[in-house]
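Written out below as structure tokens is the structure these notes cover.
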Amino acid sequence: MKKVFFKTFGCRTNIYDTQVMMANLSDFEVTEVENEAQIIVVNSCTVTNGADTGVRSYINHATKEGKKVIIAGCGAISKGESLFSQNKVFGVMGHSEKAHINTLLKQESPFYEIGDLTSLDETIVHEYTGKTKAFIKIQEGCNFRCSYCIIPYVRGNARSQDEGKIIEQVQKLALNGYGEFVLTGTNIGSYGKDKGSSLGKLVQRLGAIRGVRRIRLGSIEPVQIDESFREILSEPWLERHLHVALQHTSERMLELMRRRNNVKRDLELFHELSERGFALGTDFITGHPGESDEIWQEAYTTLEQFPLTHLHAFTYSKRDGTPSSTMKPEVKGDVAKERLKSIETLVESKNMTFRQKKSEIPLNVLVEEHKDDHYIGYDQFFNKVIIKSNRDLLKEWVTIENYEIQQEANYAHF
């Protein structure tokens with residue numbers, strides 16, 4: 001039986017998509033050791049030109065090693081045709097073709113099956129290879145058209161997964177011992193808009209399933225936090241951390257980025273959520289075209305007012321085919337990096353202050369990794385906890401009452 005290795009790039013949605021492909025393989029053996037595989041499926045990311053470069057570099061390496069390479073994921077849509085025509089890959093498989101992977105991999109001749117951008121996964125995932133928590137894809141696609149983003153063009157418009165299928169999947173995974181569930185998708189806050197429902201209503205139903213201990217949400221937009229979402233904010237199974245995407249804190253930059261959020265309303269929302277006890281993360285792009293020194297200073301001063309604890313920030317990277325890629329004036333790379341570093345330092349300080357203020361609260365930790373002489377997990381505020389213990393804690397839930405707060409993590413003995 002031939003062995004298949006999956007190389008996953010990019011976001012949590014890709015992690016889920018890889019599991020869907022694994023679940024649909026019946027005539028092959030999945031291996032976690034790359035060198036053992038005859039076939040490599042590259043679940044690719046195409047969010048930036050740099051992501052494309054990383055995928056292409058890996059494909060070149062795998063091909064030189066004599067592997068049969070199949071490209072799936074978002075890069076199959078944006079770059080699959082050129083890679084296939086140049087004989088860089090044996091096969092190209094679009095998002096809608098994941099359920100057919102077993103048949104495609106059995107083909108003796110090269111294939112190009114790009115599929116469509118309107119489908120939803122039918123596969124129910126029961127296990128997650130090498131993971132302590134389960135990822136649940138609740139929707140696909142995005143109706144936003146932010147000027148810097150290619151994803152709607154490679155994932156399609158927003159469409160929600162059937163609620164019954166989501167509930168069935170969570171029930172089965174809970175029976176298999178999973179207690180933490182991460183809801184993912186291209187734009188999860190749009191869930192239910194096409195079905196007369198909402199993210200808040202869905203999460204409420206998932207929280208009632210026996211065995212569900214914690215629900216973690218992927219990135220949501222400020223405008224998507226509606227009344228049905230506010231109704232779940234006090235539920236004990238909702239992680240006390242929310243990731244609300246800002247992208248910037250200058251009104252002018254939000255206009256250039258074609259964003260739907262508003263700085264004043266964003267600040268009010270973050271303070272509301274902070275007062276409810278939540279740790280708060282966000283996305284932020286520095287160096288987008290048009291980010292003048294004046295705009296940057298305004299944005300930084302405003303960002304200081306946000307009660308942030310986590311940051312997923314990056315310097316702007318041009319993505320061909322997006323409106324931002326042709327905008328002027330461009331910002332020099334070293335300037336963008338300097339701005340990035342300044343907001344990273346700011347939010348690191350805010351995170352430390354948050355942990356110090358919450359120091360009397362016991363930490364509920366799912367232990368995810370054993371490394372050297374310690375265990376690593378994340379608490380209900382999505383902060384890293386490093387634990388020393390003589391017990392085997394891997395994949396266990398532990399409550400930590402006494403711990404030391406340091407810059408990079410909280411430390412404890414258990």
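The values are calculated or read from the model by the stated rules, or taken from the named source; none is laboratory data. Being a predicted model, the structure only gives us computed values, none of them experimental. Cβ atoms come from the backbone with ideal geometry, glycine included; neighbour counts cover every protein chain shown.
Residue pairs whose Cβ atoms lie under 7 Å apart, sitting 6 or more positions apart in sequence or on different chains, and linking a residue in the stretch 345-362 that is under 15 Å from residue 308 (Cβ atoms) to a partner that is hydrophobic (A, V, I, L, M, F, W, C) and part of a helix (DSSP H, G or I), are 346/303.
Does the stretch 88-101 contain any residue that is part of a helix (DSSP H, G or I), surrounded by fewer than 23 Cβ atoms within 10 Å (Cβ to Cβ) and in contact with a strand residue (DSSP E or B) (Cβ under 6 Å, 6 or more places away or on another chain)? For the stretch 88-101, residues part of a helix (DSSP H, G or I), surrounded by fewer than 23 Cβ atoms within 10 Å (Cβ to Cβ) and in contact with a strand residue (DSSP E or B) (Cβ under 6 Å, 6 or more places away or on another chain): present. Residues of the stretch 348-365 that are surrounded by fewer than 20 Cβ atoms within 10 Å (Cβ to Cβ) and of a type in the set (A, V, I, L, M): 352, 361.
Residue by residue, here is whether (1) closer than 15 Å to residue 312 by Cβ; (2) of a type in the set (S, T, N, Q); (3) part of a strand (DSSP E or B) holds:
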| position | (1), (2), (3) |
| --- | --- |
| 234 | no, yes, no |
| 243 | yes, no, yes |
| 255 | no, no, no |
| 258 | no, no, no |
| 261 | no, yes, no |
| 266 | no, no, no |
| 269 | no, no, no |
| 272 | no, no, no |
| 285 | yes, no, yes |
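Looking across the stretch 131-144, the residues that are within 27 Å of residue 260 (Cα to Cα), in a loop (DSSP other than H, G, I, E, B) and touching a residue at least 60 places away in the same chain (Cβ under 8 Å) come down to 138, 144.
Answer yes or no as to whether residue 64 is within 25 Å of residue 321 (Cβ to Cβ) and modelled with pLDDT of 90 or more. Judged against the criteria, residue 64 is not a match.
Would you be able to say whether some residue in the stretch 322-340 is in a loop (DSSP other than H, G, I, E, B), among the hydroxyl-bearing types (Ser, Thr, Tyr) and within 23 Å of residue 286 (Cα to Cα)? Taking every residue of the stretch 322-340 in turn, at least one turns out to be in a loop (DSSP other than H, G, I, E, B), among the hydroxyl-bearing types (Ser, Thr, Tyr) and within 23 Å of residue 286 (Cα to Cα).
Listed here are the residues, each with its yes/no results for (1) within 17 Å of the chain's Cα centre (by Cα); (2) in a loop (DSSP other than H, G, I, E, B); (3) crowded, with 20+ Cβ neighbours inside 10 Å; (4) at pLDDT below 90.
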position: 112; (1), (2), (3), (4): no, no, no, no
position: 117; (1), (2), (3), (4): no, yes, no, yes
position: 120; (1), (2), (3), (4): no, yes, no, yes
position: 129; (1), (2), (3), (4): no, yes, no, yes
position: 146; (1), (2), (3), (4): no, yes, yes, no
position: 170; (1), (2), (3), (4): no, no, yes, no
position: 173; (1), (2), (3), (4): no, no, yes, no
position: 177; (1), (2), (3), (4): no, yes, no, no
position: 186; (1), (2), (3), (4): yes, yes, yes, no
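Summed over the stretch 203-221, the residues that are of a type outside the set (Lys, Arg), out of contact with any helix residue (DSSP H, G or I) (no Cβ under 7 Å at 6 or more places or on another chain) and either part of a helix (DSSP H, G or I) or farther than 30 Å from residue 258 by Cα (or both) give a count of 4. Based on this model, can you work out whether residue 223 counts as in contact (Cβ under 8 Å) with a residue 24 or more places away in the chain, more than 28 Å from residue 177 (Cα to Cα) and either touching a Pro at 6+ places or on another chain (Cβ under 6 Å) or among the charged types (D, E, K, R) (or both)? So residue 223 does not fit the description; no. Do we find that residue 321 is in contact (Cβ under 8 Å) with a residue 12 or more places away in the chain, of a type in the set (Gly, Ala, Ser) and out of contact with any strand residue (DSSP E or B) (no Cβ under 9 Å at 6 or more places or on another chain) in this structure? So residue 321 fits the description; yes. Among the residues of the stretch 67-87, those identified as among the basic types (Lys, Arg) and either assigned to a loop (DSSP other than H, G, I, E, B) or modelled with pLDDT under 90 (or both) are 67, 79. Just one of the numbered conditions (1) farther than 29 Å from residue 273 by Cβ; (2) in contact (Cβ under 8 Å) with a residue 24 or more places away in the chain is not true of residue 326: (2).
Within the stretch 50-87, the only residue that satisfies the criterion of being over 26 Å from residue 316 (Cβ atoms) and of a type in the set (Phe, Trp, Tyr) is 84.
A single entry from 20, 55 fulfils the requirement of being of a type in the set (A, V, I, L, M, F, W, C), in contact with a Lys or Arg (Cβ under 8 Å, 6 or more places away or on another chain), part of a helix (DSSP H, G or I) and closer than 23 Å to residue 133 by Cβ: 20.
Residues in the stretch 43-73 that are at positive phi, surrounded by fewer than 21 Cβ atoms within 10 Å (Cβ to Cβ) and touching an Asp or Glu at 6+ places or on another chain (Cβ under 9 Å): none.
Against the conditions (1) under 13 Å from residue 4 (Cα atoms); (2) crowded, with 23+ Cβ neighbours inside 10 Å, residue 39 satisfies every one except (2). If you go through the stretch 247-288 and keep only what is without any contact (Cβ under 8 Å) to a residue 40 or more places away in the chain, surrounded by 21 or more Cβ atoms within 10 Å (Cβ to Cβ) and under 23 Å from the mean Cα position of the chain (by Cα), you end up with 270, 280, 282.
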